[in-house]
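Below is one structure, written out as structure tokens, with a few remarks after it.
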Amino acid sequence: MTIPVAILTVVVAVVSPLLSQSLSEHSRWVVAAASTALLALWVWWWIGYQDSLEPLGFLALAGIWGAATAVDVAEHRLPDPLTLIPYPLFFALQVPYAWLSDEWGRLGAAFLGSLLTATILFVLAYINPSGFGLGDVKLGLTTGAALGWFGVGTAILGVGAAFILMALISALLLVTKRIRRDSEIPFGPFMILGVLVAPFAASLLGW
């Protein structure tokens, strides 16, 4: 992916969920559509040029994650159809590529990445149930699987990136008085944003 496209994708993906907090319900779904288009663009540039079958699972997740972002921002919840169902769907769509390219190791890494991410979030939800929910844990299955496809280390970076971005943007919103200290910030959009950021961070680190 070229640097300008990468920067544009990340910037709009960061700004869209934040702006949607002050938008109408209809506008939130417009934002979700825009987020979906950006995620699809990321998939196309990042892995689409390598093989026509490889992006299938990612493109499916892009559409689902756009809806998940809108719901989480609007209602602070992540329903099962947007978290659990996409998990086996992703693996089912990636099997043809793994079979034809003999890349079964990537499926294994994606599975490990999903378990690792979901486990981290489950522990956090257990320790701090007011800050994290089971919806975040379930979403972690798909975000961890998507990043694990590129390596388990990338999945770990995705979790870290989500927390760092949430902290930075929450601080920005506090300074600009868009939120109060007791405001609830949905974590799901930052997990999805972490998926966008982590591969670039992994490339910079040489992972």
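Values in this text are rule-based calculations from the coordinates and carry no lab data. This one's a predicted model, so the numbers in the text were calculated from it and none came from an experiment. Reconstructed Cβ throughout: ideal geometry from the backbone, glycine too, with neighbour counts over all protein chains shown.
Here are some notes:
- With R₀ fixed at 35 Å, the C-beta to C-beta distance from residue 119 to residue 95 puts the FRET efficiency at about 0.90.
- Principal axes of the stretch 73-129: Cα extent on each, largest first, Å: 42, 23, 14
- Peptides 54-60, 182-188, 193-199 ordered by average Cβ neighbours within 10 Å, highest first: 193-199, 54-60, 182-188
- Computed over Cα pairs, the Kirkwood radius of the stretch 49-207 leads via Stokes-Einstein (1.567 mPa s, 4 °C) to a diffusion coefficient of 81 µm² per second.
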